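Here's the structure, in structure tokens; my notes come after.
The values are calculated or read from the model by the stated rules, or taken from the named source; none is laboratory data. The model shown is predicted, which means the values in this text are computed figures rather than measured ones. Every residue, glycine among them, receives a Cβ derived from its backbone with ideal geometry; neighbour counts consider all protein chains shown. Areas reflect the complete protein model, heavy atoms only, side chains present, ligands, DNA and RNA absent. Shrake-Rupley method; radii C 1.70, N 1.55, O 1.52, S 1.80 Å.
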Amino acid sequence: MDVISEGAEHIKKVTIAREKQQEAIRNNLRALSKTLESTKTACRRPSDVPTREEHSQTVENFEQKQYENLKSIGKLEGEISDKMSQISRAKDEAAIWEMKDPVADHEVDNTPLRAQIWKSLGFELRRSADGAEDKLLIRTESGDLRLKSVSKNITPEEVNALWGINSS
């Protein structure tokens with residue numbers, strides 16, 4: 001009986017040892033399962049991160065926009081260059097115009113203008129055919145016409161006399 005009781009005790013000890021070993025294995029398996037789940041979660045792409053296809057499409061869109069922007073920049077630079085050349089031409093033309101003297105380029109004979117002013121005031125110069133003596137036709141305020149001979153150098157007294165005739 002001793003052998004049987006020792007055998008039974010041995011079986012109990014082995015059973016307890018196996019249960020402890022199985023419990024350790026289960027705990028280890030649970031820890032490994034948790035690690036596996038956390039690793040699976042870490043390996044998954046977050047929802048805010050695009051997939052490879054979405055990323056490729058986004059990169060292509062950005063490259064297309066970059067190309068369009070570079071193209072429009074080139075066009076605008078060309079327009080700026082054209083405007084700069086127009087400004088340069090305008091400055092050159094302005095400098096040319098500033099250097100010109102229109103009075104010197106176009107000398108105007110103001111004698112007819114002076115004659116018209118004097119005529120409107122009532123004095124009209126009549127030159128003789130031989131140029132020896134000039135006569136002045138004076139229209140008075142009353143409408144009379146008077147003819148007075150004048151020399152080339154008129155004195156202030158003669159001028160006052162002519163105005164006196166004109167105002168009579």
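Size estimate for the chain follows the Kirkwood approach: the inverse of mean 1/r over distinct Cα pairs works out to 29.9 Å. Per residue, region 54-168 exposes an accessible area of 86 Å² to a 1.4 Å probe, with every protein chain left in place. Accessible area of ASP109 (1.4 Å probe, protein heavy atoms only, ligands and nucleic acids ignored): about 110 Å².
For the residues VAL14, VAL49, VAL59, a GNM of the chain with alpha-carbon springs under 10 Å puts the largest fluctuation on VAL14. Each of the GluC sites (Glu not before Pro) that DSSP puts in a loop and that has at most 10 other Cβ atoms within 10 Å breaks the chain; the longest unbroken stretch is 1-106. For region 49-140, the set of trypsin sites (Lys or Arg not before Pro) satisfying both a DSSP loop assignment and a count of at most 16 other C-beta atoms within 10 Å is given as LYS100. Bridgeable lysines around LYS12 (alpha carbons under 23 Å apart, same-chain partners fewer than 8 residues away excluded): LYS20. Per-atom-type breakdown for region 47-168 gives carbon and sulfur 55% of the accessible area (1.4 Å probe, protein chains only).
Estimate the FRET efficiency between VAL3 and ALA24 by the formula 1/(1 + (r/R0)^6), using the beta-carbon distance for r and 45 Å for R0, to the nearest 0.05. Walk me through the numbers on the way to the answer.
On the way: r = 31 Å, r/R0 = 0.69.
Rounded to the nearest 0.05, the efficiency is 0.90.
Taking 25 Å as the straight-line reach from the Cα of LYS119, the lysines in range (excluding those fewer than 8 positions away in the same chain) are LYS135, LYS148, LYS152. Within the assembled protein chains, the solvent-accessible surface assigned to HIS55 is about 110 Å², based on a 1.4 Å probe.
Potential lengthening of the chain between LEU121 and ALA17 amounts to 22.8 nm, from the contour at 0.36 nm per residue minus the alpha-carbon distance. By the helix-only formula, in which each DSSP H run with n ≥ 4 contributes -39500 (n - 2.57) and the sum is divided by residues, the chain has a 222 nm mean residue ellipticity of -24500 deg cm²/dmol.
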